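What follows draws every value from the coordinates through simple rules; no lab data is involved. Quick caveat: nothing in here was measured; it's all calculated off a predicted structure. Methodologically, a virtual Cβ is constructed for each residue, glycine included, from the backbone with ideal geometry; neighbour enumeration extends over all protein chains shown.
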């Protein structure tokens, strides 16, 4: 098995709270009614899928693939009010876990399915993110939340996901793994051939245990994760948090180690 090169410095500590401030607000939004599904994978298997300047972030020698379905709510630029229609839509992400040469932990998006065409086009053009336009819905029925997605453009057309979870008790003391999978304070990507890091801040996640009732998806394979991953090792739910994204940091500093709720009893579907 090939050995992964370590980051240039010790990664920042895993923290339930943001390790940095976001002084310049680039984007505001809320993430609501989230289902977090995760699979453990060998870091060597996903390393080729990460942008230059990053390596897989690991916990006890293992990294993870995440399938995260949720409702994006009122995306806004800078400190302007969020958009009620164009900025509100279901979204489903396939993401990996990364750390860069400055020790900053983050996520790398392999795909972002969303149901609004204009935000998809902006995300692809302005941020070079792999947004795709899909038919999607999020339905709440008591403690059951169901997410559906069917890809439209640019493809592969027909890539889909159908997720249903039963929301359980509140997680009072999240484990180190649950913090590792959910408390991610930045996004790694590349822009015009150069590494890009966008930090974010938000309150602590209100997490709930969740039981997976149904999963039928081809998004992981479409994102380059072709091997069968089996049942997810972690299934969580959160009613959500408000989020702020800052602009790219000017001079990164090396790091050394030292609640809104989504509603129920409704359905939201968008066709763009």
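What ranking do 177-184, 130-137, 24-31 get when scored by the average of other Cβ atoms within 10 Å per residue, highest first?
Per-residue Cβ counts within 10 Å, averaged per peptide and sorted highest first, yield 130-137, 177-184, 24-31.
What ranking, highest mean first, results for peptides 51-59, 153-161 when packing means the other Cβ atoms within 10 Å averaged over each residue?
Those peptides, ordered most packed to least, come out 51-59, 153-161.
What list do you get for 185, 125, 205 if you sort them by fewest beta carbons within 10 Å?
125, 185, 205
Report the extension gain between residue 162 and residue 216 in nm, rounded to one decimal, defined as 0.36 nm multiplied by the number of residues separating them, less their alpha carbon distance.
That pair, residue 162 and residue 216, stretches by 18.9 nm at full extension.
Give the average over all directions of the projected area of the C-alpha convex hull of region 101-142, one decimal, in nm².
The orientation-averaged projected area of the Cα hull of region 101-142 comes to 5.0 nm².
Treat each spin label as a single point 7 Å out from the Cα along the C-beta direction, and report the residue 192 to residue 170 distance in nm.
Those two pseudo-labels are separated by 4.7 nm.
What distance in nm separates the two pseudo spin-label positions at residue 144 and residue 15, each 7 Å out from Cα along the beta-carbon direction?
Going from the residue 144 label point to the residue 15 one covers 4.1 nm.
Work out how much length residue 121 to residue 101 would gain on full extension: take 0.36 nm times their residue separation and subtract the Cα-Cα distance, in nm to one decimal.
Result: 4.2 nm gained on full extension.
Kirkwood Rh over Cα pairs of region 25-249 into Stokes-Einstein at 25 °C, 0.890 mPa s: D in µm²/s?
Estimated diffusion coefficient is 139 µm²/s.
Take the Cβ-Cβ distance between residue 204 and residue 23 as r, set R0 to 25 Å, and report the resulting FRET efficiency rounded to the nearest 0.05.
The formula returns an efficiency of 0.75 here.
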